[in-house]
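Below is one structure, written out as structure tokens, with a few remarks after it.
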Amino acid sequence: MKSPLLSLPGAVPAEGRDEGVAAHYGDLFREQRALADGNGFVDLSHRGVITVTGDDRLSWLHLLLTQHVSDLAPNQATEALILSANGHIEHAMYLVDDGTTVWMHVEPDTQGDLIAYLESMKFFYRVEVADRTGDIAVVHLPAGSIAETPDGAAVRETPQGRDLFLPRADLEAYAAAHGPAAGILAYEALRVEGHRPRVGFETDHRTIPHELGWIGGAVHLQKGCYRGQETVARVHNLGKPPRRLVFLHLDGSEVHLPGHGTPVRLAADGQEGRQLGFITTSARHHELGPIALALVKRNVAVDAELLAGDTAAAQETVVEP
């Protein structure tokens, strides 16, 4: 769904998974600094929006999600995953309950598959699931923003800021009143800096929550059964995840950024060495320079110098080995 804010001055359309919103509005680092200072907003109107209503909405979702939500207080934000039967990550949901409705946003163009799964699990529960992507847009306000929340908008507030669920028809008026706008590249750079994983970037078909540090944040270990729980419990109690997420400082002398899927090897072995992992997301940060997240084998030494394609990389631990 193409955002009307692509008509703003300087807007350059994003590509790939984030197509439909602006990559930037002409000055990537200025936009990052504005967000870091608590100013402006990010247009996330390409993301899918789903609502769940009905008396059983929380107790029903509690049976399906990795998060404990049966007693979720109104306006308390949380995040949760949907796992496969083998414990692999399929969906990440960023949600809040306003007292009558659960609002959630998900990765672009994934809401159809997620709704189909939720509908298949309704049985006798008093719930209604709706795709609201066509009439509701998500806008992100950074932490520290003093912008007022429009009347009637659902709000999901976290340490990273506020996600607003706005009527899509009000998006242009909101932008005119609460600029400057920041593009998705600025938002992603701050996400990488914060070591926050994203489905479809930090995940592949076999990723389990432990590898990304999602235990605790999106996976509650003291709740009842849900699909994939056996894998979560087994790895937590008896084993260790095969891979781990790392944060990389990339060589700033390189002109290009290593793209998603770029092989990661030991620097000592050079480009002919054995692949130990891959780049998941890379970004240019206004203070840190080129940075990235990568998924590597668990037994890679935490102090090992790495090579992302042909770019030297120093790692910081995100998930302990």
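For the pair V302 and A268, the difference between a 0.36 nm per residue extended length and the Cα-Cα distance amounts to 10.8 nm. With N as its number of residues, the chain has a Cα radius of gyration that, divided by 2.2 N^0.38 Å, comes to 1.01. Qualifying GluC sites (Glu not before Pro) in the stretch 262-307, where qualification requires a DSSP coil assignment and no more than 12 other C-beta atoms within 10 Å, comprise E287, E305. Placing +1 on each Lys and Arg Cβ and -1 on each Asp and Glu Cβ, with no other charges, gives the chain a dipole about its Cα centre of roughly 820 debye. Mean sequence separation of contacting Cα pairs (under 8 Å, at least six apart), scaled by the length of the stretch 197-321, corresponds to a relative contact order of 30 percent. The loop-placed trypsin sites (Lys or Arg not before Pro) in the stretch 261-314, going by DSSP, that have at most 16 neighbouring Cβ atoms within 10 Å of their Cβ come out as R274, R298.
If only the Cβ of Lys and Arg carry +1 and only the Cβ of Asp and Glu carry -1, the dipole of the stretch 48-131 around its Cα centre is close to 200 debye. How high is the relative contact order of the chain? Use alpha-carbon pairs under 8 Å, at least six apart in sequence, and give a whole percent. Rounded, it is 19 percent for the chain. Between amide H atoms placed 1.01 Å from N, distances below 5 Å from N75 occur with D97, D98, G99, all of them 5 or more places distant or on a separate chain. Beta bridges from DSSP with both residues in the chain: antiparallel share about 95 percent, rounded to the nearest 5. Based on Cα atoms of the stretch 242-321, Rg over Rh with Rh as the Kirkwood radius reads 0.93.
Using the Cβ-Cβ distance between L58 and L238 with R0 = 35 Å, the FRET efficiency computed as 1/(1 + (r/R0)^6) comes to roughly 0.65.
Across the stretch 269-321, C-alpha contacts under 8 Å between residues 6 or more apart give a mean separation that, scaled by the residue count, equals a relative contact order of 29 percent.
The tail of the calculated P(r) for the stretch 122-210 beyond 21 Å holds 48 percent of all Cα-Cα pairs.
Throughout, read-outs are computed from the coordinates displayed, never taken from laboratory work. Not measured: the values here are computed from a predicted model. As a convention, Cβ positions derive from the backbone with ideal geometry for all residues, glycine included, and neighbour counts pool all protein chains shown.
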